[in-house]
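One structure below.
The values are calculated or read from the model by the stated rules, or taken from the named source; none is laboratory data. Because the structure is predicted, anything quoted here is derived from the model rather than measured. Counting neighbours? That spans all protein chains shown, and the Cβs are built from the backbone with ideal geometry, glycine included. All accessible areas refer to the heavy atoms of the entire protein, side chains included, with ligands and DNA or RNA removed. Shrake-Rupley method; radii C 1.70, N 1.55, O 1.52, S 1.80 Å.
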Amino acid sequence: MTATQEKQTHPTPPGNLGLPLIGETLSFLRDKDFAKKRHQKYGSVFKTNIFGRPTIMMIGSEANRFIFTNEKKYFESKWPASTRTLLGPDALSIQTGDIHKSRRKLLAQAFQPRALAGYVPTMESMTRRYLQKWEQQKTFAWYPELRKYTFDIACKLFIGDETASESSMGEWFETWCGGLFTLPLRLPGTKFNQALNCRQKLLNQIETIIRQRQHQAEPGEDALGLLLQAEDEDGNHLSVEELKDQILTLLFAGHETLTSSVTAFCLLLAQHRDVLEKARLEQQQLQRTEPLSFEQLKLMPYLDQVLKEVLRFIPPVGGAFREVIETCEFNGYTLPKGWTVLYQIKRTHQDHSIYNEPEKFNPDRFSPERTEEKPYGYLPFGGGMRECLGKEFAKLEMKVLATMLLREFDWELLPNQNLEMTISPTPYPKDELLVNFKRLN
Ligand code: HEM
């Protein structure tokens, strides 16, 4: 018996493959408790069928360890067809093998500490502009505002465009995002088809910006400027075609996930005044310098704990996809070659064997005295060779906004609103977070 045949003697995990073709895709897209219900019914490894493929969901630190330490051996990144098509073949999340490795190194140049420190003044001034706007608005839905805020920051820092959310680009982006996790039906009127049209418009716009930049004497100090000059090990530059897909990915990743995480921060602190007051006290006790600096932002241990807990409690990315490239076995189950694996961030963060009362929002679980953590048990940014490239950028932007909010402003939730989370494709409250916003006296 060969090693592979031996492995196949184990059963595939329990679960339901659902209807032919469509499988359980609709429940997956509509039911935010899809994984929770099946986790309770079948345990931490179960099968389903989503986006046209048999898929095994894997939950918990051991499962994550198994996936992250066997990338390239048993697993390779493979997102659903809709996501792959809309991100484009040259996007980092879609690239695999040596190309992925070399591109990751190249793109990482835009997220080095020196580049990050250089982003702080822009983040601060753009945050101030939005804070002033919200102060004037007083009562409003915060989530759409935070979407514009993160989009404008991403567009400014990545391609030098400061008010993109007010242009057609903002609209195209929204429609494009709406198609990322859908059935890839190229039929008039489907979300996927609309998103494809918007992808083309976005790429055209990005190409115009790249071409203009190529004709300038100075490439510019944003991420595009850095990437236009960046070279791989062989001295090659990124082609315009590839640059377009990579920039689109950065704009998406730098905006969608961050909107969800800053919204979660604003919501959770309004619901937990004790945490808000403690975080504010830390700001008041700091030796403040104006303007904000990268160095000063490192000196806020309690705020670090709060942001860490926000990302545990409401992780913007619920999980990520892999393809099984060689049949293997995990916990007595066969993972057959060609099937999809989806590791579960959100469910892992709710694991009672890792966290005390995981269903409670409590930043103290990450205090130096407690440090409730376990390898591969905290993974808002994924792990291993595919770990989020923009992790430090994301933490920085969350921190800039959090710091400025805590120092100067206060906010409370309006009554009678639906705060239940919906996921599209990242979580946010159904009524879009209605708040009263004011300057502190
Ligand atoms: C990958 C989460 C912000 C760029 C990932 C992955 C996760 C994640 C879980 C891993 C997916 C996998 O295992 O396949 C988040 C969260 C964010 C955030 C929670 C905000 C709170 C950002 C930002 C950027 C970014 C700001 C860049 C501007 C990327 C890229 C990848 C990635 C390029 C693909 C990495 C690769 O495949 O090698 N992110 N992300 N992310 N993220 Fe983020």
Self-check item: Gained length - Lys36 relative to Glu329, 0.36 nm times residue gap less alpha-carbon distance
Solution: 103.2 nm
Self-check item: region 226-324: GluC sites (Glu not before Pro) in DSSP loop, at most 12 other beta carbons within 10 Å
Solution: Glu231, Glu233
Quiz item: Taking amide H positions as placed 1.01 Å from N in the peptide plane, with prolines and chain starts having none, which residues 5 or more places from Cys328, or on another chain, fall under 5 Å of its amide H?
Solution: Leu335, Lys337
Quiz item: If you keep only loop residues by DSSP, which trypsin sites (Lys or Arg not before Pro) in region 269-335 have at most 11 other Cβ atoms within 10 Å of their Cβ?
Solution: Arg288, Lys298
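Please label the shape of region 3-439 as rounded, prolate or oblate, based on the square roots a ≥ b ≥ c of the eigenvalues of the alpha-carbon gyration tensor (a/c under 1.5 means rounded; beyond that, a/b larger than b/c means prolate, else oblate).
Verdict is oblate for region 3-439.
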Quiz item: With every protein chain present, what is the per residue accessible area of region 282-377 (1.4 Å probe, Å²)?
Solution: 45
Practice problem: Give the residues of region 347-364 whose amide nitrogen is closer than 15 Å to a point set 7 Å from the Cα of Asp274 in the direction of its Cβ. | Solution: 357, 360-364
Self-check item: Relative contact order (%) - criterion: Cα under 8 Å, at least six apart; region: the chain
Solution: 24
Self-check item: Where GluC sites (Glu not before Pro) fall in DSSP loop in region 333-430, at most 13 other Cβ within 10 Å
Solution: Glu359, Glu369, Glu387, Glu420
Practice problem: State the Cα centre-to-centre distance between region 26-70 and region 156-171 in whole Å. | Solution: 36
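Could you give me D for region 88-152, from Stokes-Einstein at 4 °C and 1.567 mPa s, where the hydrodynamic radius is the Kirkwood radius over C-alpha pairs? Units µm² s⁻¹, please.
Answer, rounded: 88 µm²/s.
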Self-check item: Solvent-accessible area, 1.4 Å probe, carbon plus sulfur percent, for region 3-439
Solution: 50
Quiz item: Could you give the distance between the Cα centres of region 293-364 and region 375-393, to the whole Å?
Solution: 9
